[in-house]
Amino acid sequence: MKAFRMDELEAERRANDGAYLQFLRERNMSAGLYALDAGELDPQSPHTEDEIYFVVSGRASITVGSETTQVGRGSVVYVPAGVPHKFHHITEDLRVMVVFSPPES
């Protein structure tokens, strides 16, 4: 079993000065913690893997393809591989658990 605590992952992400911390990589999937602060721009480009975003904290909008929705704590968003997507209008610091399948390359 592998178990993780969000507060420990956030501390490790901050210590490594990055917006993204991959904390799990297995044969068929990987997972990470993605952080964007209020007002920050999301630099993402489309990925070659399917993704699931689970919003741990914060508030923002996300556009996936041509669809936009607001997200907050507890929101889950699926993003198909190759589809453009970005978080925007981030009004509260955003912390998102990201699951990639297959593992992010």
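Data overview
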{"item": "Filter result (under 13 Å from Y34 (Cα atoms) and aromatic (F, W, Y)) within segment 72-105", "result": "F87, F100"}
{"item": "Qualifying residue in segment 43-62 (condition: more than 19 Å from E10 (Cα to Cα), at pLDDT 95 or above, touching a strand residue (DSSP E or B) at 6+ places or on another chain (Cβ under 6 Å) and not in a strand (DSSP E or B))", "result": "yes"}
{"item": "Residue tally, condition under 13 Å from H47 (Cβ atoms) and not in a loop (DSSP other than H, G, I, E, B), over segment 64-82", "result": "3"}
{"item": "Sole residue being open to solvent by 50 Å² or more (accessible area, probe 1.4 Å) and of a type in the set (F, W, Y), chosen from Y34, Y20, Y53", "result": "Y20"}
{"item": "Any chance Y78 is under 13 Å from the mean Cα position of the chain (by Cα) and crowded, with 16+ Cβ neighbours inside 10 Å", "result": "no"}
{"item": "So E26, is it closer than 19 Å to S105 by Cα and either surrounded by 11 or more Cβ atoms within 10 Å (Cβ to Cβ) or free of Cβ contacts under 8 Å to residues at least 24 places away in the same chain (or both)", "result": "yes"}
{"item": "Selection within segment 83-105 - open to solvent by 60 Å² or more (accessible area, probe 1.4 Å), part of a loop (DSSP other than H, G, I, E, B) and touching a strand residue (DSSP E or B) at 6+ places or on another chain (Cβ under 9 Å)", "result": "P84, P102"}
{"item": "Candidates M6, M1 - the one that is under 11 Å from M97 (Cα atoms) and surrounded by fewer than 16 Cβ atoms within 10 Å (Cβ to Cβ)", "result": "M6"}
{"item": "Verdict on V96 being closer than 19 Å to R5 by Cα and in contact with a Lys or Arg (Cβ under 8 Å, 6 or more places away or on another chain)", "result": "no"}
{"item": "Residue within segment 18-26 that is more than 11 Å from the chain's Cα centre (by Cα) and polar (S, T, N, Q) present", "result": "no"}
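The values are calculated or read from the model by the stated rules, or taken from the named source; none is laboratory data. Just so we're clear, the structure is a prediction, and the values are computed from it rather than from any experiment. Note: ideal-geometry Cβ built from the backbone for every residue, glycine included; neighbour counts use all protein chains shown. We work out accessible area using only protein heavy atoms, side chains counted, and drop any ligands, DNA or RNA first. Shrake-Rupley method; radii C 1.70, N 1.55, O 1.52, S 1.80 Å.
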